[in-house]
1. Test Ala8 against the criterion of being assigned to a helix (DSSP H, G or I), without any contact (Cβ under 8 Å) to a residue 40 or more places away in the chain and surrounded by 11 or more Cβ atoms within 10 Å (Cβ to Cβ), and give yes or no.
2. Do any residues in segment 65-80 that are under 10 Å from Ser22 (Cα atoms) have Cβ atoms under 6 Å from those of residues that are modelled with pLDDT of 90 or more and among the hydrophobic types (A, V, I, L, M, F, W, C), where the two are at least six apart or on different chains, and which pairs are they?
3. Looking only at segment 42-58, count every residue that is aliphatic (A, V, I, L, M) and without any contact (Cβ under 8 Å) to a residue 40 or more places away in the chain and tell me the total.
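The values are calculated or read from the model by the stated rules, or taken from the named source; none is laboratory data. From a predicted model like this one, the values you see are computed outputs, not experimental measurements. All Cβ positions, even for glycine, are placed from backbone atoms using ideal geometry, and neighbour counts span all protein chains on display.
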Amino acid sequence: MEEKKVEACADRLFNEMNAGMSCLNLHVDHRLGLFQALADAGSATFRDISHSTGYVERYVREWLEFMTAGRYLTHDADFETLSLPEEHIAALLDPTAHRRLSESWAGFPASPAWPCCPSKIRSCGSTG
């Protein structure tokens with residue numbers, strides 16, 4: 001067995017899982033509008049976004065942390081704020097942008113098992 005091939009396969013699996021999780025989190029945003037809330041704010045804390053959207057802080061914080069780790073958002077450690085770079089706003093939110101992300105979701109199946117329904121995210125922290 002060639003170790004380099006094992007490592008290459010493991011790397012591919014890791015990257016595919018990360019891409020899959022990013023896809024799911026982008027879909028969550030499509031349903032909830034968290035990128036738009038952050039773009040409207042300019043820069044904000046997770047509490048600011050939670051307050052402006054009415055969603056439970058814990059879920060907003062976890063989503064924002066994941067999107068920051070995925071380099072969709074920038075983090076200002078001095079002020080503990082997050083922001084959406086203007087290039088990302090153009091790609092994610094601009095209705096005139098070529099290949100706008102939200103148009104890609106038209107054929108994406110929604111699953112009732114996903115806890116990304118706004119009514120569930122606004123409830124007392126329960127997704128079940």
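1. On the way: assigned to a helix (DSSP H, G or I): yes; without any contact (Cβ under 8 Å) to a residue 40 or more places away in the chain: yes; surrounded by 11 or more Cβ atoms within 10 Å (Cβ to Cβ): yes.
Yes.
2. Qualifying pairs under 6 Å: Met67/Leu73.
3. Going residue by residue through segment 42-58, those that are aliphatic (A, V, I, L, M) are 44, 49, 56.
Keeping just the survivors that are without any contact (Cβ under 8 Å) to a residue 40 or more places away in the chain gives 44, 49.
Going through segment 42-58 one residue at a time, the tally reaches 2.
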